[in-house]
């Protein structure tokens, strides 16, 4: 009998059958009325998810494409920008900005630390201001979710545009673009939005759109105006799938989805701690996207990731960059339930035991289920 598989990475995430069915529909012409109606419905639904009344842009790209667009559409050669990074994806902002010759002020936190709002504001002031501040909301390389609302409050009135990588956080944890004062928020289809990879999304405030009219960095396919008018053929089937996924999310309700993700995060952390192994990501309800777990001394996380996949059919994430081999990352966003989390914990337990780690056997699943059953206050 073919082995069953469980996909519990931080992304891509499992795709609901309703989304698969929507994507299997006959192809539509991207400039025809049928697809235009779907695209407009997707934008309307995304405004509700972003909590944003302004422009909603769809890119046929990975999330990195929307990140790059948030640089090229806002900046001119030589502009100063501030990047607060605390992991692999925060440093992607740095790489993009430097590739365009911008003056990058890099506030670099150690991987696993949480950015401090007051320190970001202080560095911005010390540097003499900046065109924009770039930050990652959910750093999936470490499991840290920044206190984005507090960051926005501290930067209010600074004159800098605030640009957020919410690729993995949108739809998983609270985010309110307009109410919090976020000028650009970028995300991707393949995380909590339960759609295959290939679509990137952005909410753009009126201030950011105004700034884009004077920005002079070169751009063509990522130009916001061209993207908005579908100047190149969009990923039609993916947009149809995203439409179905957004319907599922909004029928569940955003607050219910946030509560589910908090409870799944609690369950995953409780299971890991019951085994007697340490967390790398913070042990807090805000870290509801991915749980990063430290490997016991002498255990290579890359071996554990491979063993979980080959022995139990469970695919998880390993450590990236400087954390390679040191952690295992279990994602719990999107089309994920507690049974997926317990399957991952059981597979981790087996793999660690077979690798010779000194862990407590037979307790992780029970601890996870108990933690999941507790209602988490909003």
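Selection of segment 219-254 for residues being in a loop (DSSP other than H, G, I, E, B), under 22 Å from residue 68 (Cα atoms) and without any contact (Cβ under 8 Å) to a residue 12 or more places away in the chain yields 220, 221, 229, 231. With respect to the conditions (1) closer than 30 Å to residue 336 by Cβ; (2) touching a strand residue (DSSP E or B) at 6+ places or on another chain (Cβ under 6 Å); (3) in contact (Cβ under 8 Å) with a residue 60 or more places away in the chain, residue 18 falls short on a single one, namely (2).
Table: residues versus (1) under 26 Å from residue 210 (Cα atoms); (2) surrounded by 24 or more Cβ atoms within 10 Å (Cβ to Cβ).
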residue: 111; (1), (2): no, yes
residue: 114; (1), (2): no, no
residue: 118; (1), (2): no, no
residue: 124; (1), (2): yes, no
residue: 136; (1), (2): yes, yes
residue: 144; (1), (2): no, yes
residue: 147; (1), (2): no, no
residue: 157; (1), (2): yes, no
residue: 160; (1), (2): yes, no
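Within the bounds of segment 288-311, is there any residue that is assigned to a loop (DSSP other than H, G, I, E, B), under 22 Å from the mean Cα position of the chain (by Cα) and closer than 17 Å to residue 143 by Cβ? Yes, the conditions are met somewhere in segment 288-311. Can you find a residue in segment 89-101 that is out of contact with any helix residue (DSSP H, G or I) (no Cβ under 7 Å at 6 or more places or on another chain), in a loop (DSSP other than H, G, I, E, B), modelled with pLDDT of 95 or more and closer than 12 Å to residue 144 by Cα? So far as segment 89-101 goes, no, none of its residues is out of contact with any helix residue (DSSP H, G or I) (no Cβ under 7 Å at 6 or more places or on another chain), in a loop (DSSP other than H, G, I, E, B), modelled with pLDDT of 95 or more and closer than 12 Å to residue 144 by Cα.
Residue count for segment 312-348 under the criterion of being out of contact with any strand residue (DSSP E or B) (no Cβ under 6 Å at 6 or more places or on another chain), part of a helix (DSSP H, G or I) and buried (at least 20 other Cβ atoms within 10 Å of the Cβ): the result is 6. Scanning segment 1-45 for residues that are assigned to a helix (DSSP H, G or I) and touching a helix residue (DSSP H, G or I) at 6+ places or on another chain (Cβ under 7 Å) yields 18, 19, 22, 23, 35, 38, 39, 41, 42, 45.
One residue alone among 227, 289 is touching a helix residue (DSSP H, G or I) at 6+ places or on another chain (Cβ under 8 Å) and assigned by TED's automatic domain parsing to the domain that holds residue 42, and that residue is 227. Evaluated against (1) under 22 Å from the mean Cα position of the chain (by Cα); (2) over 21 Å from residue 219 (Cα atoms), residue 128 falls short on exactly one condition, (1).
Here residue 215 fulfils each of the conditions (1) over 14 Å from the mean Cα position of the chain (by Cα); (2) farther than 25 Å from residue 94 by Cα; (3) crowded, with 16+ Cβ neighbours inside 10 Å apart from (2). Taking the criterion of being at pLDDT below 95 and within 25 Å of residue 14 (Cα to Cα), would at least one residue in segment 288-309 satisfy it? Looking through segment 288-309, none of the residues is at pLDDT below 95 and within 25 Å of residue 14 (Cα to Cα).
Might you let me know whether segment 166-175 holds any residue that is outside the structural domain of residue 281 (by TED's automatic domain parsing), under 18 Å from the mean Cα position of the chain (by Cα), within 20 Å of residue 282 (Cβ to Cβ) and assigned to a helix (DSSP H, G or I)? Checked against the condition, which is being outside the structural domain of residue 281 (by TED's automatic domain parsing), under 18 Å from the mean Cα position of the chain (by Cα), within 20 Å of residue 282 (Cβ to Cβ) and assigned to a helix (DSSP H, G or I), segment 166-175 yields no hits at all.
Got at least one residue in segment 46-60 being surrounded by fewer than 18 Cβ atoms within 10 Å (Cβ to Cβ), in the same structural domain as residue 191 (by TED's automatic domain parsing) and under 16 Å from the mean Cα position of the chain (by Cα)? Taking every residue of segment 46-60 in turn, none turns out to be surrounded by fewer than 18 Cβ atoms within 10 Å (Cβ to Cβ), in the same structural domain as residue 191 (by TED's automatic domain parsing) and under 16 Å from the mean Cα position of the chain (by Cα). Among the residues of segment 111-159, those identified as in contact with a helix residue (DSSP H, G or I) (Cβ under 7 Å, 6 or more places away or on another chain) and under 18 Å from residue 69 (Cβ atoms) are 133, 134, 135, 136, 137.
Only a single item in (1) under 25 Å from the mean Cα position of the chain (by Cα); (2) outside any loop (DSSP other than H, G, I, E, B) is not met by residue 365, and it is number (1).
The values are calculated or read from the model by the stated rules, or taken from the named source; none is laboratory data. Values in this document were obtained by computation on a predicted structure and should not be read as measured data. Using ideal geometry, Cβ is built from the backbone for each residue, glycine included, and neighbour counts are taken over all protein chains shown.
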